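Here is the structure we will look at, set down as structure tokens.
The values are calculated or read from the model by the stated rules, or taken from the named source; none is laboratory data. This structure is a prediction, so every number in the text was calculated from the model and none was measured. Every residue, glycine as well, gets a Cβ built from its backbone with ideal geometry; the counts of neighbours run over all protein chains shown.
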Amino acid sequence: MIIGFLLAGFSVVTNDSLQTLGTYISSNRQRTPKSVQMIFVCCITSIVLFLGWYLHQGEPAWGRLDSFPMPERFTWAYIIPPIAVLALTAWGAPVSTSFLVLSSFVPENIGRLLGSSISGYVMAFCLGLAAWGFGIWLLERWIFRRNQDSQEISKIWCVIQWFSTGFLWSMWLVQDMANIFVYLPRNLNFISMVVCTLILCVGLCMLIVIGGGPIQTVLLSKTNTSDLRSATLIDFMFGLCLLFRAFLSSFPLSTTWVFLGLLAGRELALRIRELEQKNIFTNQMYGSLSSVIGSDLGKASVGLIVSLVIALGIQPLISWSAL
């Protein structure tokens, strides 16, 4: 249980840095000391975890483990999913940790997880397409031109981005802590919560030090994502998606697929609007729209297939190792 929690905490946070802290890390790399970033992220993490623990009578995953009861016996086979997440992260694949970790505990919930995640992708895609297609593209074009002229960013954007990142990180913690705390008892005492929170904070500090890892390339291939102003808009929209899903259901979903849907809708809207302009204002370095979005979906699909294979294939190992 302890090894599983440690591996899950490190693998889940490292992989999901793409969708939550990725834009924050990219846009603050040369702007904010890493020590300040660490304090900011760790404070929010502690507040959200302990608030969930208090409101749900000792269960820190915000009620998202109700459909995933504790196994009768933990075996070594349960540590395979987080190890697989680490391997896929090293490859740069935005794998769904919800599929890979949670479905290994209760395979019967795979269909429900898949449906919840696909609907989240479609919802985020439509939001990104509509929001950037109907107005925000003007701001993105302005940002691109300002960057071409190397003009400084107003300090007010720094303040807005930190609020936006705090909002998104809070919503992600509410949604995805189930993928980590599934390895622990459903009710933790205060001392256990303190220890778990400290462990997660150490992992987050390591993440900030290394700058996000290889999966960061998925984010950098999109237009203006290293710009603080664009990062602020992306974070806020993604946070709204997670907040809306949290109100709809307490059942977990793949936040990775929601984030990829938002980025895909946003990039499609910007490329469509660019056709009406004389000058290019999108990121062309990583190829055409189909190659950019197709690469993301391809890697995510590989991660999904691997997740399903491991989730289903691990069951005989669990039964055998429990003998």
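All of LEU219, LEU270, LEU263 fail the test of being closer than 28 Å to ALA84 by Cα, modelled with pLDDT of 80 or more, in contact with a Ser or Thr (Cβ under 9 Å, 6 or more places away or on another chain) and buried (at least 20 other Cβ atoms within 10 Å of the Cβ), apart from LEU263. VAL95 meets each of the listed conditions (1) over 30 Å from GLY313 (Cα atoms); (2) touching a Lys or Arg at 6+ places or on another chain (Cβ under 9 Å); (3) among the aliphatic types (A, V, I, L, M) apart from (1). Scanning the stretch 97-144 for residues that are surrounded by fewer than 18 Cβ atoms within 10 Å (Cβ to Cβ) and of a type in the set (Val, Ile, Thr) yields a count of 4. Could you please let me know if SER35 is within 19 Å of the chain's Cα centre (by Cα), surrounded by fewer than 18 Cβ atoms within 10 Å (Cβ to Cβ), assigned to a helix (DSSP H, G or I) and of a type in the set (Ser, Thr, Tyr)? For SER35, the condition - within 19 Å of the chain's Cα centre (by Cα), surrounded by fewer than 18 Cβ atoms within 10 Å (Cβ to Cβ), assigned to a helix (DSSP H, G or I) and of a type in the set (Ser, Thr, Tyr) - is not met.
Taken together, the residues in the stretch 9-27 that are closer than 22 Å to ILE143 by Cβ, modelled with pLDDT under 75 and in a loop (DSSP other than H, G, I, E, B) amount to 2. In this structure, MET193 does not satisfy being at pLDDT 90 or above, in a helix (DSSP H, G or I), within 28 Å of ILE272 (Cα to Cα) and not β-branched (Val, Ile, Thr). Filtering the stretch 295-312 to residues that are more than 9 Å from SER104 (Cα to Cα) and small (Gly, Ala, Ser) leaves SER295, GLY298, ALA300, SER301, GLY303.
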